[in-house]
Amino acid sequence: MQQRSEETRAKIISSAIKLFSTRGFNTASVDDICKDAEISKGAFYHHFESKQALFLALLDGWLETIDTAIEAAKDKTVPETFLQMTEAFPYIFATAGEGLPMFLEFWLQASRDEKIWQASIKPYRRYHKHFTALIKKGVDEGSFVDVDPELTARMIVSMAMGLLLQSLLDPKGAKWEKTAREITTMMMDTLLRKNEA
């Protein structure tokens, strides 16, 4: 029974990604999603209370990968933590690359819907807070030169978003996963080299 329920949920998510990407959030209806997924409306509402809730679940699902990478590195030194996070790059770029229209749809809906904006901005704020604490820890443990943790965290989040957007708009412009790793290494080398001097 649980397996069937999980399969139904997966069908809904797959259909929603397809329809939100091709038609947009506002145009794709719950009826359209149910028809594409070959499920009843009752089955839809068993899993999601609304189309908006489904949309937010898609955002959460994508962000889960980033959260998992951050969580996996929590007991390491700060430099090791940053390097561990780079292991999530292949999945992040692959899934983002497959869903450019969906990714842009998140941003578009965030500009129109307060609840979606709040849900969309929440992870950025969470990552900023996380990286601020991480940089501060690096400075405190002597791994990093004395930098402004808040400003450095803002730079990291901005760099990550910029790279992601470039990879979506120009997928063949660079080997984005490799570029992201090299930029992370360059940033780490700069912070560490100054500290060792």
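The values are calculated or read from the model by the stated rules, or taken from the named source; none is laboratory data. Owing to the predicted nature of the structure, the values given are computational and were not obtained by experimental measurement. All Cβ positions, even for glycine, are placed from backbone atoms using ideal geometry, and neighbour counts span all protein chains on display. Note: areas computed on protein heavy atoms with side chains; ligands, DNA, RNA excluded. Shrake-Rupley method; radii C 1.70, N 1.55, O 1.52, S 1.80 Å.
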Which pairs turn up if I take residues in segment 108-135 that are in contact (Cβ under 8 Å) with a residue 40 or more places away in the chain and of a type in the set (S, T, N, Q) and look for partners that are open to solvent by less than 20 Å² (accessible area, probe 1.4 Å) and assigned to a loop (DSSP other than H, G, I, E, B) with beta carbon separation below 7 Å, at least 6 apart in sequence or on another chain? GLN109/PHE25
Only helices (runs of 4 or more DSSP H) wholly contained in segment 33-91 count here; list those with 1 or more residues that are of a type in the set (A, V, I, L, M) and in contact with a Ser or Thr (Cβ under 6 Å, 6 or more places away or on another chain). 41-47, 78-85
Across segment 13-28, which residue is farthest from ARG112 (Cα to Cα) among those that are part of a loop (DSSP other than H, G, I, E, B) and open to solvent by 40 Å² or more (accessible area, probe 1.4 Å)? THR27
Every residue from segment 41-62 that is charged (D, E, K, R) and open to solvent by less than 50 Å² (accessible area, probe 1.4 Å): LYS51
Checking ALA110, ALA119, ALA133 in turn, the sole residue that is open to solvent by 20 Å² or more (accessible area, probe 1.4 Å) and over 25 Å from THR190 (Cα atoms) turns out to be ALA119
The conditions are (1) over 28 Å from ILE17 (Cα atoms); (2) assigned to a helix (DSSP H, G or I); (3) open to solvent by less than 60 Å² (accessible area, probe 1.4 Å), and MET186 fails exactly one of them. Which is it? (3)
Before we move on, is LEU164 touching a Leu at 6+ places or on another chain (Cβ under 6 Å), in a helix (DSSP H, G or I) and under 18 Å from PRO90 (Cα atoms)? no
Could you pull out the residue among GLU38, GLU87 that is open to solvent by 50 Å² or more (accessible area, probe 1.4 Å) and on the phi > 0 side of the Ramachandran plot? GLU38
